[in-house]
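Take a look at this one; I'll ask things after.
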Amino acid sequence: MAAAEPAAGWKKYLVLRIMLRHPELCCIVLAGIFTVFFKYGHSIKNARTITQSQPGPRRFFPISSAVIDSPLGALQPLSELVHQEEVLFVMYYAPWCAQSMEARWEFEKAARYFHRQVTFAAVNCWWPLGQCANIHDFHAFPVFFFYHTHLEGFPYLGLRTVEHMIAFLERFLYPLTYVTTQDQVKALKIHSDNVVLSFFDFNASPQPPGLVQFYYASMRMIAVSMEHIPFAVITDPVLATDNGLANSSSFHLLRSLNETVIYPDSGNISSSQLVSWIVKHKQSPAIQWVSSMGMKTLTLSTEMKKGAGIFVFTTLNPLGGFNQYINMIREVALDYYNCDNSSKVRDIIHGSIHHRWRSVQEETQQQETCKTLFNIKTSGSDDPAKSKCCQSVVIDDQGIGSKNHNVCDVCVNYWTSYNRYKHCRVLPMSSLSLNRPKRPLQINMCQESMLHYDINQRMSLCCSELLTERTAKAAPSVNFKRTRKPTDAFTLNAAQREKEKLCNRRKLNRLLKYTYKSHKSLMNDSFIQHSFTGQSCRTNRTLRFFAVDDKYHAVFASRLGIRLDKTHNGVAVVLVDIKNEAQYVMTSAVSKRNLVEFIESYTHSELMRVLRTSTVVSECGTSEEHSCVIELTAKTFHQVVMEQNQDVVVFYYTHWCGFCAGVLHLYLTVARYFRDVTDLVFTRVNADSNDLPWEFTVTTFPTILFFPAGRKEDSVHFPDHLAKSVPNLINFVLQHASKSLKVRAALELCSGSCIQSNKHNTAEAIKTLQREVTFLSSKTLKITHRLGQLKHMQTLLKREFDHVTGDQKEELIVKNGTLCNKIGVLEKYLDILKQRRKRKETQSVCAKDLYKVLSTSRSSHLERYRLVSLLTKYELLRQKVLGETVKVEKKTSRMEDGQSYVMRDQF
């Protein structure tokens with residue numbers, strides 16, 4: 001205690017000394033103490049948790065965005081927009097969600113594309129204090145809804161990309177297709193497997209019954225089905241009658257492979273009932289597009305489990321653009337399903353072939369149109385460079401008895417790039433065909449109108465005489481005063497907007513890197529094999545056809561063994577048979593003939609299964625300091641594993657297996673433990689990216705298999721009930737390794753103390769072998785001596801046999817037979833003893849050589865090789881001797897019994 005007091009005083013003196021030397025440090029410490037006390041003293045006293053309110057959310061979209069953002073989750077502005085705007089597209093997001101962040105810019109691009117046409121809004125539906133989070137219970141973000149004309153919201157479930165959003169919205173904006181000719185009806189049948197055709201008589205009523213319900217049903221169908229089902233409207237009674245629509249407000253469901261279904265006329269039509277009727281009766285598309293939201297989805301798996309199918313990987317452009325490969329494969333599918341050899345299906349196929357040929361011409365025309373439109377806009381002028389071609393038309397007014405001739409000057413003003421009458425030849429009357437009223441027109445009046453409502457050509461008409469109604473019939477080439485200029489302007493603007501819309505879409509396609517490929521080799525690909533028609537009904541291996549967008553689902557292609565960068569024209573075809581766990585890749589160029597042959601080969605079981613293989617190159621170094629685990633692929637598996645001169649250990653793993661990563665480091669430890677054993681190879685294979693033959697396929701991971709040298713068919717599986725630890729793995733390898741490998745492993749893995757122990761054991765084995773050889777030699781001499789006695793007795797017996805007669809001869813014969821049996825037994829026993837002594841002597845010599853090698857240094861390569869050979873020879877001899885010991889002992893016991901009998905027998 002006395003010693004502790006001076007120490008405490010010394011510490012106080014040291015603290016005071018520091019404070020005097022550094023007063024500023026003392027002030028800083030005191031200021032910090034007082035600050036903490038005044039700020040948190042009350043909390044410390046009351047022992048309450050200190051909390052801080054979270055900051056308010058920020059804008060998710062920038063201020064300059066075309067999207068109306070509600071970061072606080074308020075729904076009142078959204079409700080006002082729903083009542084004010086005709087069309088509204090809403091994104092419910094969470095600001096921390098990575099998928100919301102990714103979809104934000106796609107949503108922004110779509111908003112700019114539909115500027116002043118569709119209102120885009122975004123609501124933070126995660127903010128806990130917001131109204132949206134309290135009303136809606138979304139389990140994932142982002143969520144998209146489309147609102148139209150005060151209807152309930154339609155969910156958008158497509159891909160969160162700008163092109164798919166635009167395509168979805170345009171289908172909602174223009175859900176109906178107006179049909180005026182029979183060719184347009186045929187075109188709808190060619191492009192769609194299901195078409196809803198309706199007839200509404202606007203002459204009877206400005207708003208025919210069922211029109212609004214039909215309009216709403218078309219929008220509901222877009223939200224219900226990912227398949228595009230056109231809703232066509234006919235207003236011409238003649239055209240309606242030609243298509244079987246006799247009554248107004250009647251609906252037909254046209255199906256490509258089945259009969260047309262007529263909607264029952266109940267008098268009371270609702271949009272939901274009409275949608276349910278369509279969903280119930282519509283047929284499955286000949287080729288179905290597979291679209292999923294992401295990686296973890298069952299969409300593709302569900303389709304595969306329904307049966308074998310052909311998957312076509314190509315680029316889908318939702319903004320338009322004709323895909324010739326998809327239409328060509330659809331023609332094959334229609335022919336494949338045409339079991340009745342229907343003429344309707346054949347007409348659809350021929351129409352599709354013609355459309356593929358015509359699409360190239362249409363693409364060229366669109367390019368020229370957009371180029372001209374771009375030149376007009378960049379020049380800053382509303383009118384392009386024009387040319388004029390005029391002609392005087394003499395009209396004879398004979399129909400009303402007048403002899404007057406009316407002369408009209410007709411001029412066609414055209415853009416230079418659209419000059420149909422380049423040399424200003426006589427204008428054909430058919431090209432001047434315009435409807436006009438049946439009434440006279442006053443003289444000295446000029447009019448201007450569109451020629452066939454074509455914005456590229458304008459026609460002006462100046463007449464010098466009065467034109468009667470009959471004269472007007474003879475020259476139906478002029479628009480007269482009754483034609484309203486606002487109507488013409490509206491038509492002009494509509495056509496102009498349609499062209500601008502088309503060109504804007506082409507421009508967006510270029511920005512999104514969608515390129516049009518004509519594939520002129522397919523234009524005339526009209527191959528039809530009549531034996532292929534209706535093949536789906538003549539086989540139990542019916543196929544289905546699917547199309548997959550490789551731009552967003554390339555991972556599916558790679559998992560099926562397809563490399564899209566090495567495909568023909570960016571199109572790949574693979575046949576997947578999930579029931580038989582096999583896939584077949586079409587390696588030839590994609591054409592109608594090759595596809596038909598590919599399907600027929602599968603039908604007749606002539607296709608070879610394609611094994612997926614990774615491109616990993618495994619290189620093992622020569623350094624002995626590091627272990628080497630060879631990375632196997634489907635191509636190298638058989639070459640490495642089935643090598644007959646080496647034992648191979650294979651570790652099966654996958655990149656998604658969590659347990660594999662935990663066991664792999666133990667496997668590497670065992671491989672390092674056996675790194676000096678040259679005839680033992682450790683390998684691993686990624687079973688998820690490499691398809692192996694059935695006999696080498698495993699179902700659980702991780703899995704370890706051992707393939708012994710010379711006995712590959714006797715592969716061994718690491719027991720599931722054993723823990724995968726280093727000792728268990730080492731014992732597993734040594735237990736199933738070949739004998740030579742065990743000896744080599746014992747040598748290579750043996751330390752100095754191990755060698756000394758083996759040297760001692762070898763010396764003891766030599767002594768034991770020498771004692772056994774001495775014992776066998778002594779016993780051999782004894783048996784040889786006894787055998788000599790028996791043979792001498794047999795000689796004496798033969799001599800005595802010549803001097804006896806009668807009963808004595810019979811007695812000697814019996815004794816001679818017994819003596820011969822005993823001599824035979826002893827001779828066999830003597831041979832066995834000699835063989836056993838010879839093996840023991842050989843084993844003893846081998847053990848002596850082994851002892852000499854163990855006494856030398858381990859650094860010599862030659863000596864180590866010799867030691868391995870001796871150990872192998874010694875082990876083989878020992879096993880062979882032990883294998884025959886049981887037989888020898890059994891025979892020896894019998895022989896010794898016979899020997900004792902012989903010894904006891906006296907003559």
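The values are calculated or read from the model by the stated rules, or taken from the named source; none is laboratory data. On a predicted model such as this, the values are computed, not experimentally measured, just so you know. Methodologically, a virtual Cβ is constructed for each residue, glycine included, from the backbone with ideal geometry; neighbour enumeration extends over all protein chains shown.
Here's a check for you: in region 702-734, which residue that is in contact with a strand residue (DSSP E or B) (Cβ under 6 Å, 6 or more places away or on another chain) and not in a strand (DSSP E or B) is surrounded by the most Cβ atoms within 10 Å (Cβ to Cβ)?
P702
Next up: Could you tell me which of the residues T161, T149, T119 is within 28 Å of K501 (Cα to Cα) and touching a strand residue (DSSP E or B) at 6+ places or on another chain (Cβ under 7 Å)?
From the options T161, T149, T119, the qualifying one is T119.
Could you tell me which numbered condition F168 fails, if it satisfies all but one of (1) among the aromatic types (F, W, Y); (2) in a strand (DSSP E or B); (3) within 30 Å of F202 (Cβ to Cβ)?
Status for F168: all satisfied but (2).
If you take the residues of region 755-799 that are in contact (Cβ under 8 Å) with a residue 12 or more places away in the chain and under 60 Å from the mean Cα position of the chain (by Cα), which of them is surrounded by the fewest Cβ atoms within 10 Å (Cβ to Cβ)?
Here the answer is I755.
Please indicate, with yes or no, whether at least one residue in region 679-699 is over 23 Å from W656 (Cα atoms), hydrophobic (A, V, I, L, M, F, W, C) and part of a loop (DSSP other than H, G, I, E, B).
Within region 679-699 (the criterion being over 23 Å from W656 (Cα atoms), hydrophobic (A, V, I, L, M, F, W, C) and part of a loop (DSSP other than H, G, I, E, B)), the answer is no, since none of the residues qualifies.
Let me ask you something else. Could you grab me the full set of residues in region 259-273 that are out of contact with any helix residue (DSSP H, G or I) (no Cβ under 9 Å at 6 or more places or on another chain) and either polar (S, T, N, Q) or more than 27 Å from I287 (Cβ to Cβ) (or both)?
Hits for region 259-273 are T260, D265, G267, N268.
Now a separate question. Pairs needed: first member in region 93-113, modelled with pLDDT under 90; second member anywhere, outside any helix (DSSP H, G or I); C-beta distance under 7 Å; at least 6 residues apart or different chains.
none
Further question: Check region 27-36 and report whether any residue there is among the aromatic types (F, W, Y) and at pLDDT 70 or above.
Yes, region 27-36 contains at least one residue that is among the aromatic types (F, W, Y) and at pLDDT 70 or above.
While we're on this one: Going by the structure shown, is V195 under 26 Å from W357 (Cβ atoms) and outside any helix (DSSP H, G or I)?
Criteria met by V195.
Same structure again: Any idea which residue in region 670-685 is farthest from the chain's Cα centre (by Cα), counting only those that are at pLDDT below 90 and of a type outside the set (A, V, I, L, M, F, W, C)?
That would be D676.
Any idea how many residues of region 200-253 are part of a loop (DSSP other than H, G, I, E, B) and not aliphatic (A, V, I, L, M)?
Adding up the residues that qualify gives 21.
Same structure, new question: Which one is nearest to M328 (Cα to Cα) among residues in region 248-300 that are of a type in the set (K, R) and modelled with pLDDT of 80 or more?
Only one residue tops the list, namely R255.
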